[in-house]
Amino acid sequence: MSLRRLRIAVMAHCRHPIAAPFMGGMEVHAHHLAHALQARGHHVTLVAAGDSEVGVPLLPLMAQHYDRDYPWHQCHGTKALNAHLDSHHAASLTTLAGMDFDVIHNNTLHRFPPRFARAARVPMVTSLHVPPFDALRRAVRDSVAPWHVTTACSRRHLAAHFPDGPPASTRVVPNGIDLAQWPYSPQGNGQAVWAGRITPNKAPHLAIAAARQAGVALTLFGSIEDGDYFDAQVRPQLSGDIRFGGHLAGPDLAAEYGRASALLFTPQWDEPFGLTAIEAMACGTPVAAVAMGAVHEVLGPAGRFSGPDGIGLDRALIDAMEIPRAVPRRHVADHFGLDRMIDTLLSLYLEAMDRRHDPAPPVDFPPIELPPSLALRRAEPADQSGMR
């Protein structure tokens, strides 16, 4: 691989700040991606909510994360939130167009960046972190080009976005973690843990039901994203061997994973990957999972599974606790290491850069899909004093 030091703009999703304790997997991914690229000697700028705290140069996409003023559960799909996101993403891309980046890694989930790459011939890698939704699906399909590489985090995830077959400019790039931050523990304590955003599509209530049926103590960890759901379906169940341990920073969560004998993983959506699961597996903790999305593909021999509705999860929990702890650790080391992910992404950055001048037909997007000013070729490098 080329030893050239690249200038890389990493665009993050801005619902939450990129700051510990992280709200979810997308925030963790952005943090580790920026730091790992910087550690390789590349010039990295993180484009994210202005209240992020990362330790690499930050170019604010907006002054603060949008969930503070436009809570997703109340504002998702509203004109007010859409206008807020559109204006800030357009302004951010205008700024980036005037800066001398070699490549942009887009993790925003917004419809403007992919079309910007296609129209202005900007080398870009777009990573898809969620199942397809209409605006993102159309943006990704509109922006296929040799210099715009699109990644999914599992084979099932890629197939969901391209059910008729993926174009040549797509790849599967599994998420990677630094195993040193998730130390191996050879012995569990006979109890289970659940970790993640407390929201219906993560379904901790299914974990509670399975643990009670199996007679296994359970501690839940994570941020309360949906307070109404927590109050209705989680809080009333907190008694005896079922407890809530709060939202922990990485080292504390790693210690809890290492102490447990199993992780309950209970998606009620088309789970693209499951970063929580591989973090626990790195600590030696096997997983009992609801079979949704890519969980079979990701967990492999380190998991035991129930049906999509959670029926049989109690049996899966008991069976998972019998898996030798070396199995999940080895599975993560073999497939989901951070260095492996960074190696792959760097090769994709170079591919996008090398193919910037490949032939492709012109495109003409309506203004609602891409502001006309962003369809122009990249401007000359401008003053970069906006970074901090």
**Prompt:** Long-range amide H contacts for His105: which residues qualify at under 5 Å (H placed 1.01 Å from N, peptide plane, sequence gap of 5 or more or a different chain)?
**Reply:** Ala9, Val10, Met11, Val125
**Item:** Overall dimensions of the stretch 47-152 as given by Cα atoms, namely Rg and Dmax in Å
**Value:** 13.9, 38
**Prompt:** How big is the Rg/Rh ratio for the chain, C-alpha atoms only, Rh by Kirkwood, two decimals?
**Reply:** 0.98
**Request:** Calculate, for the chain, the solvent-accessible area per residue in square angstrom, rolling a 1.4 angstrom probe over the heavy atoms of the protein chains.
**Result:** 41
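When a/c reaches 1.5 or more, the comparison of a/b and b/c decides; with that in mind, is the stretch 12-57 rounded, prolate or oblate per its Cα gyration tensor?
Prolate, since a/c reaches 1.5 and a/b exceeds b/c.
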**Request:** Quickly work out the Leu238-to-Asn82 label distance, labels modelled 7 Å from Cα along the C-beta direction, and quote it in nm with one decimal.
**Result:** 3.7
**Request:** Please name whichever of Gln38, Ala291, Tyr66 sits farthest to the positive end of the charge dipole of the chain, dipole taken about the Cα centre and charges placed at Cβ: Lys and Arg +1, Asp and Glu -1.
**Result:** Gln38
**Electrostatic dipole magnitude of the stretch 98-189 [Cβ: Lys, Arg +1; Asp, Glu -1; Cα centre; debye, to 20]** = 340
**Asked** Taking the Cβ-Cβ separation of Asp343 and Asp270 as r and a Förster radius of 30 Å, what is the calculated FRET efficiency to the nearest 0.05?
**Response** 0.60
**Asked** Once the Cα atoms of helix 326-335 and of the chain are each reduced to a long axis, what angle between those two axes, in degrees from 0 to 90 to the nearest 10, is obtained?
**Response** 10
**Asked** In degrees between 0 and 90, to the nearest 10, how far off the longest principal axis of the chain does helix 25-39 point, with axes built from Cα atoms?
**Response** 60
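How large, in percent, is the carbon and sulfur part of the accessible surface of the stretch 151-261 at a probe radius of 1.4 Å?
Numbers: 2350 of 4870 Å².
Using a 1.4 Å probe with all protein chains present, the stretch 151-261 comes out at 48 percent carbon and sulfur.
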**Item:** Spacing of the two label points (7 Å from each Cα toward its C-beta) at Asp178 and Gln64, in nm
**Value:** 2.9
**Prompt:** Which one of Ile242, Gly98, Pro146 is farthest out on the positive end of the charge dipole of the chain, using unit charges on Cβ (Lys, Arg +1; Asp, Glu -1) and the Cα centre as origin?
**Reply:** Pro146
**Prompt:** Nearest 10 degrees, 0 to 90: what angle lies between the long axis of helix 250-259 and the longest principal axis of the chain (Cα atoms)?
**Reply:** 30
**Asked** Charges only on Cβ, +1 for Lys and Arg, -1 for Asp and Glu: so what's the dipole of the chain about the Cα centre, in debye to the nearest 20?
**Response** 540
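The values are calculated or read from the model by the stated rules, or taken from the named source; none is laboratory data. Note that the structure is a prediction, hence the values are computed from the model and not measured. We place every Cβ from the backbone using ideal geometry, glycine too, and count neighbours over all the protein chains shown. Heavy atoms of the whole protein, side chains included, go into the accessibility calculation; ligands, DNA and RNA do not. Shrake-Rupley method; radii C 1.70, N 1.55, O 1.52, S 1.80 Å.
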